[in-house]
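First comes the structure, then the notes that go with it.
The values are calculated or read from the model by the stated rules, or taken from the named source; none is laboratory data. Small disclaimer: the values here were computed from a predicted structure and weren't measured. Note that each Cβ is placed from the backbone with ideal geometry, even for glycine, and that neighbours are counted across all protein chains shown.
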Amino acid sequence: MTYLIAGPCIDVLDRSCLEECPVDCIYEGDRKLYIHPDECVDCGACEPVCPVEAITEDLAATRDELAFVEDNRRFFVDVLAGRSDAIGGPGGAADAGRIGVDTPLVSAHPVTS
């Protein structure tokens with residue numbers, strides 16, 4: 001079990017969760033934040049501070065959030081494959097900074113203001 005960030009985060013990028021994460025496992029794409037599933041320690045500190053309630057446990061995902069379970073994994077496995085510069089290692093989200101790329105699911109999402 002791990003936490004994931006779903007659709008309500010797209011184009012919001014509040015970053016409150018980044019400040020609360022004790023293991024620095026939340027990475028910033030272009031339009032959305034992503035939780036590294038292998039780095040997350042399931043503490044849940046990020047969930048209550050999210051102003052748009054985009055963070056949930058993957059096993060508790062609603063029907064609307066299910067696509068983001070796989071999408072979160074895809075960000076690290078497919079989108080960032082071969083980009084060792086993008087991921088700073090376990091707990092390296094702050095060092096990685098804004099990565100500036102998203103998954104196809106997020107990229108295809110209509111832009112919200």
Against the conditions (1) modelled with pLDDT of 95 or more; (2) under 12 Å from the mean Cα position of the chain (by Cα), where does Pro48 fall short? Just the number, please.
(2)
Filter segment 1-17 down to the residues that are in contact with a Phe, Trp or Tyr (Cβ under 9 Å, 6 or more places away or on another chain) and of a type in the set (A, V, I, L, M), then identify the one that is nearest to Thr62 (Cα to Cα).
Ala6
Within the bounds of segment 76-90, is there any residue that is within 16 Å of Thr2 (Cβ to Cβ), surrounded by fewer than 18 Cβ atoms within 10 Å (Cβ to Cβ) and either of a type outside the set (Val, Ile, Thr) or modelled with pLDDT of 90 or more (or both)?
yes
Cβ-Cβ distance below 7 Å, separation of 6 or more or different chains: which pairs start in segment 93-112 with a residue that is more than 12 Å from Lys32 (Cβ to Cβ) and end on one that is outside any loop (DSSP other than H, G, I, E, B)?
Ala93/Ile26; Ala93/Tyr27; Ala96/Tyr27
Being under 12 Å from the mean Cα position of the chain (by Cα) and either in contact (Cβ under 8 Å) with a residue 12 or more places away in the chain or part of a helix (DSSP H, G or I) (or both): is that true of Asp11 here?
no
Only one of Glu70, Glu39, Glu65, Glu57 is modelled with pLDDT under 95, crowded, with 18+ Cβ neighbours inside 10 Å and farther than 25 Å from Asp95 by Cβ; which?
Glu65
Hey, any hits in segment 37-57 for a residue that's in a loop (DSSP other than H, G, I, E, B) and within 18 Å of Pro104 (Cβ to Cβ)?
no
Restricting to segment 14-34, name every residue that is in a loop (DSSP other than H, G, I, E, B) and of a type outside the set (Val, Ile, Thr).
Asp14, Arg15, Cys21, Pro22, Asp24, Cys25, Gly29, Asp30, Arg31, Lys32
Matching entry among Asp24, Asp30 (being farther than 17 Å from Val106 by Cβ and surrounded by fewer than 22 Cβ atoms within 10 Å (Cβ to Cβ))
Asp24
